[in-house]
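Notes follow once the structure below has been shown.
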Amino acid sequence: MHRHGRGPDHDHPRGRHCRPSRSGGHQLSRGSRPCRARPGRPQPGDQQQPGADDRGHRYRWHPHRRRRGDIRRCRHPEHRRHPHRRQRHHRRHRRPVRGRYWRRPIRRRRDHHDQRRYGHRHHCQCRGLRWQLGGRSRGWRGVVRVVVGERRGAAAALGLPAGSRLGRSGDHRRPGRVIDGSGGPGATYATVTGAGQIDNRGRILLPTEKVTAGGVTVTGRHYAISFDTQGGSGVPDPVTVFADTFDNGARSFPTNPTKPGATFAGWNSAADGSGARVTATRTLRGSSLGGTPVPITAYAQWLPVPAITAIAPSSGPIEGGTSVVITGTGFTGATKVTFGKSGQAASFTVDSATQITAISPASATTGARAITVTTAAGRSAYVDAGRFTYTAPAPAITAIAPSSGPIEGGTSVVITGTGFTGATKVGFGQAGQAASFTVDSATQITAISPASATTGARAITVTTAAGRSAYVDAGRFTYTAPAPAITAIAPSSGPIEGGTSVVITGTGFTGATRVVFGQAGPATSFTVDSATQITAISPASATTGARAITVTTAGGRSAYVDAGRFTYTAPAPAITGIAPSSGPIEGGTSVVITGTGFTGATKVVFGTAGPATSFTVDSATQITAISPPSATTGVRAITVTTVGGPSAYVDAGRFTYTAPAPAITAIAPSSGPLSGGTTVVITGTAFTGATKVVFGQAGPATSFTVDSATRITAISPPSATAGARAITVTTVGGPSAYVDAGRFTYVAAPAITAIAPSSGPLNGGTSVVITGTGFTGATKVTFGDAGPATSFTVDSATQITATSPAASDIGARHVSVSTVGGANAEVEADLFTYTAVITRVVPSAGPMSGGTSVVITGTGFTGATAVTFGDAGPATSFTVDSATQITATSPAASDTGARNIRVTTADGEIPAVNAVADRFTYTDPPDACGDLLVKDDGSTWTCSFVDDFDGQSLDTTKWGVQQSSITGFRTGETCYVNSPENIAVRNGELLLTARREAQNLACDSTLGSFSTPYTGGMVGTRGKFSQTYGRFEVRAKYPAVTVAGLHGGFWTMPRTNTYGVWPASGELDIAEWWSNAPTQVLPTLHYTGDSLADSGWNCRVSTPSSYHTYTMEWYPDVVRFFIDGEMCFERSWTPTGLIAPQPFDKPFSMILNMGVGSLSGGNKVSADTPLPATYTVDYAKVWR
């Protein structure tokens, strides 16, 4: 069977062409006789079905001509060449069958594509068939040999090889079986027995429901189609199709599935898409056997939606043409690449499924455009990775200046053009990149030409992000041979008559063609000695003066340079006057020499003193020379030498050397205020006869006195601005030199711009931060009539921290800062207001029943009219002891808790200095230690130890006597003994006394015995009581002694040396006292690693011989020390080798003592130390 798509071609026995007519039947191609077919072939006059073939094409016979689309005749091997213009194409489609060649019919359009679209091939034989021409089918009986291809197939149901097709004809009117096969390469044959039809498409129709083929009986054909979405949305239900009742288009297919990132492309019988496409209108291959459905799986085919992950480059000029490599996925079969609103790519190539190379189109404007790729699966999303930025046009050069320069490079070239903004490179052709360049504007660049190996033109180019400028004639820079250059001439002057042999030194002299002496004209003659030297004879000149020598070569003319100036001179010089006519022997005097003929002077000599240090020829009639030093004083004749010779000695040129000039070595002070008036002592030499003292730009001193040859006292004049001024002293020997030792600095007065806080209590002690300018070197800070600050620190030139002093009354004071520049002017910003405040109440707690005598400390209490205890009401009574103290009796309260005490005066209610300073807490009834004391957190302390010393002797259940003979402990020269004269309890007080005995006693000590006349008293609770953390307090008074020699106090020691011997295990001194500093009662932490910062140097009392309470509050992380309830020192510690709270985390016991000092040092004991001296203790209490 022959492959075709429109109707059969067959060979006429007489060799004539036979083709179907449009009305049916066959006729010869040339002649009037009908086609004659062999027996069994259809005849032109046979019955035919009206209408068209299976493709809908009608055929008509034309007796005289062939038309495109006509069916060509069958050809023998010795066929004639076909005259049609497409014969070459169709010769490729010949297929051999039993020794004959058949040519496929050709349609007017799409004939070549039918076989691909419909997927079938047909072959017929020349003999053995009865044809019914012009209709839909041709009948046959007997045995049909069918050519079966391999490409498609369901012939297995007939026992045929794979590739044959068995199905119902879509355009056949009668039910029947269809065998559809192809005869491509590798075709095989099968034999079908029976009767049926062959339609125009070459298919075999089996008219019965039961056909036996190859021993297999075919019945009830149907198919079972199941669906695999291959990762898509839900799998559709299977579909069963009965072939005998199936009409094209009648099949019901499920809704297309969906899949993220992909587009549905249909169903296919193979998972990878290599099988048959399964659609609702396509006849399936295969059939059922014995009533069992043929299983067919339809696999969903997906086209991935393209996605862009990167582009390179990501920018290009708006003119377009940039080759952009687009990277991503799903690019196979891309149909469009778009650059946003700039339109589609000029062209593009799909390099692979993951890469496209596209040419950017032109864009009307600059800016970012989103690149997208479109395929059958859809368009890629807009992503930042796909943004392509159109940039400004590439730079263009329109002019350069200059357009040439030497090959050594270094020429500054101004390049004019457009698009220069952001230029990254300037190239000088083969010479390389510019040595440097500056983008002056978008239209101008200034570049320095690089060196070039050879002369010639080089195309300058400018490169920006938009690309490189084009080569243009306007941008050509020509490298030239170096022009000659003159670096020196000798001699540099000569007479106007000319004839001077001048040696010219320089570069580039080879091939010199001319040497010119300026207006004097060309050299009389010249010789090029070498590339660096020419010897020329000066021509005559009409006048004197300098002439610029130039040398000309092929490289141009040398430039005019001072080194090439040749001066034509007049006759020998003459001196007519000098000023001044004297100066110091150190030299350095600037002397103006007047005369004639000075042009071209080569030397100025000060007689035997030698040549001038330096000189300048100001004109032909004036020279300014600096006198050289001279070994001795006296007269020296000045002479001037020119090419005309030296001047003669004349009286008018005599210069006298005088005594040495003054010199300054020091000044004191070295600074003062802008207003002047500072008395400055100037030290130095040669001040005798000083005529002037000058303070630099500030001008002459207001006055000065020459105290001696080495000292002057001067009064500084005022200065308009701050800064250093060089003081100079002038004598007949001249002014002194500027030296650092003589610099006097004018300092501006300080200025205050703010203080914080701006108020504080009358008793002072407020830390005030003063802000302003000019504070460097401040010497004083004053709070008006309250006096100088208690202390102050200059933090910086703009900040001082000062502690306010006490004031006599409330009110505002101007704060003043003084420096060498003076004191600041008074302004409102420097006002500090003293206010009345409550600073402390003692005690700070008492019983609810009232009656506690409370001492209120503060300021501004004079004339107080009321004292109230919060909602407990007014004090039962109060007394204004002074302006800073009130003693009030607390009223009864309804419940426990804190109340704020308020004092009222005529000026109003006085507040507290802080939130707790005026707080009085009502407590439950007192414990053994007395009234309950309140902690910061509101809880109360619990009494753990108390001794009021109300007995007649020391309570040995609480205290032990510390004797040196037992403990080995001593302080200074004290031997601690157990004697009633040293330790006594009387009248509710513990008395510890230091004494001087009538004679020395041997003090036995475990640490070494010693002899001393001094004894003392010491008691402690070691072995009786010790405690970790808490509140330790004594009320005590020290001896009324203000001379050196006594030592005692209240302190604690560890019960055991857990961390090693002293000081490793620690020591806490609460109130240690020395009589040589009687107002200081010092708390100290002793441990390994302690320093001066571990002592409370601000803990002082003005009356140590009066009763005061000394308290320590000891916590795991901090220790606080109080005097009369006011904290004076707070300290955390960082021990060496331990971790805090070590070593202060163990029980400590109390010690009280009074003894004497050492025999040396600041607190040494002596005959002047008043003894005996007693340390009196009213009570000792400890709270937990």
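The values are calculated or read from the model by the stated rules, or taken from the named source; none is laboratory data. What you are looking at is a predicted structure, and each value in this text was computed from that prediction instead of being measured. Every residue, glycine as well, gets a Cβ built from its backbone with ideal geometry; the counts of neighbours run over all protein chains shown.
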In segment 949-984, what count of residues is obtained for those that are within 16 Å of Lys1181 (Cβ to Cβ) and buried (at least 18 other Cβ atoms within 10 Å of the Cβ)?
2
Looking for something modelled with pLDDT of 95 or more, closer than 22 Å to Pro646 by Cβ and surrounded by fewer than 21 Cβ atoms within 10 Å (Cβ to Cβ) - is there at least one such residue anywhere in segment 568-576?
yes
Taking segment 987-1038 and the residues there that are aliphatic (A, V, I, L, M) and modelled with pLDDT under 95, the one that is nearest to Tyr1115 (Cα to Cα) would be Leu1007
What are the residues in segment 300-315 that are assigned to a loop (DSSP other than H, G, I, E, B), of a type outside the set (S, T, N, Q) and farther than 13 Å from Arg379 by Cβ, if any?
Pro313
So how many residues does segment 529-548 have that are farther than 24 Å from Ala570 by Cα and either touching a residue at least 60 places away in the same chain (Cβ under 8 Å) or surrounded by fewer than 19 Cβ atoms within 10 Å (Cβ to Cβ) (or both)?
5
If I go through segment 916-950 residue by residue, how many of them are closer than 22 Å to Tyr1029 by Cα, among the basic types (Lys, Arg) and either modelled with pLDDT under 80 or not in a loop (DSSP other than H, G, I, E, B) (or both)?
0
Somewhere in segment 980-993, is a residue touching a Ser or Thr at 6+ places or on another chain (Cβ under 6 Å), under 21 Å from Ser1105 (Cα atoms) and either free of Cβ contacts under 8 Å to residues at least 12 places away in the same chain or not in a strand (DSSP E or B) (or both)?
yes
Among the residues of segment 836-853, count how many are crowded, with 21+ Cβ neighbours inside 10 Å and touching a Phe, Trp or Tyr at 6+ places or on another chain (Cβ under 6 Å).
1
Filter result (assigned to a loop (DSSP other than H, G, I, E, B) and of a type in the set (Ser, Thr, Tyr)) within segment 1061-1090
Ser1065, Ser1075, Thr1079, Tyr1087, Thr1088
Could you please let me know if Ala872 is among the hydrophobic types (A, V, I, L, M, F, W, C) and farther than 17 Å from Thr839 by Cβ?
yes
Could you please give the count of residues in segment 366-414 that are outside any strand (DSSP E or B) and modelled with pLDDT under 90?
8
What number of residues within segment 451-479 satisfy the criterion of being buried (at least 17 other Cβ atoms within 10 Å of the Cβ) and more than 36 Å from the chain's Cα centre (by Cα)?
8
Determine which member of the set Phe1025, Phe1032 is in contact (Cβ under 8 Å) with a residue 12 or more places away in the chain, under 20 Å from Asp948 (Cα atoms), of a type outside the set (D, E, K, R) and buried (at least 21 other Cβ atoms within 10 Å of the Cβ).
Phe1032
Here is a check on your reading of the model: is Val350 in a strand (DSSP E or B), at pLDDT 95 or above, in contact with a strand residue (DSSP E or B) (Cβ under 6 Å, 6 or more places away or on another chain) and loosely packed, with under 15 Cβ neighbours inside 10 Å?
no
Which of the residues spanning segment 1143-1169 are touching a Pro at 6+ places or on another chain (Cβ under 6 Å) and surrounded by fewer than 19 Cβ atoms within 10 Å (Cβ to Cβ)?
Lys1146
For segment 461-503, the count of residues that are in contact (Cβ under 8 Å) with a residue 40 or more places away in the chain and part of a strand (DSSP E or B) equals 20
Specify which of the listed residues (Thr297, Thr292, Thr335) is outside the structural domain of Ala368 (by TED's automatic domain parsing) and either modelled with pLDDT of 90 or more or surrounded by 13 or more Cβ atoms within 10 Å (Cβ to Cβ) (or both).
Thr297
Restricting segment 951-986 to residues that are of a type in the set (A, V, I, L, M, F, W, C) and at pLDDT below 90, the residue that is farthest from the chain's Cα centre (by Cα)
Ile966
By residue number, the members of segment 1051-1066 that are in contact with a strand residue (DSSP E or B) (Cβ under 8 Å, 6 or more places away or on another chain) and at positive phi are Gly1066
Given Gly764, Gly760, which one is outside any strand (DSSP E or B), at pLDDT below 95 and out of contact with any Leu (no Cβ under 6 Å at 6 or more places or on another chain)?
Gly764
Evaluate segment 954-967: report whether one residue or more is part of a loop (DSSP other than H, G, I, E, B), at negative phi, outside the structural domain of Glu997 (by TED's automatic domain parsing) and among the aromatic types (Phe, Trp, Tyr).
no
Which one of the conditions (1) under 22 Å from Ala1180 (Cα atoms); (2) surrounded by fewer than 16 Cβ atoms within 10 Å (Cβ to Cβ) does Thr1006 fail to meet, given that it meets all the rest?
(1)
Among residues belonging to segment 578-602 that are within 27 Å of Pro735 (Cα to Cα), at pLDDT below 95 and part of a strand (DSSP E or B), point out the one that is farthest from the chain's Cα centre (by Cα).
Ser582
Enumerated strands (runs of 3 or more DSSP E) restricted to segment 679-743, each holding at least 3 residues that are in the same structural domain as Thr632 (by TED's automatic domain parsing)
none
With respect to Thr357, is the statement that it is polar (S, T, N, Q) and either more than 22 Å from Ile326 (Cα to Cα) or surrounded by 15 or more Cβ atoms within 10 Å (Cβ to Cβ) (or both) true?
yes
Given the conditions (1) at pLDDT 90 or above; (2) not in a loop (DSSP other than H, G, I, E, B), report the number of the one that Gly321 does not fulfil.
(2)
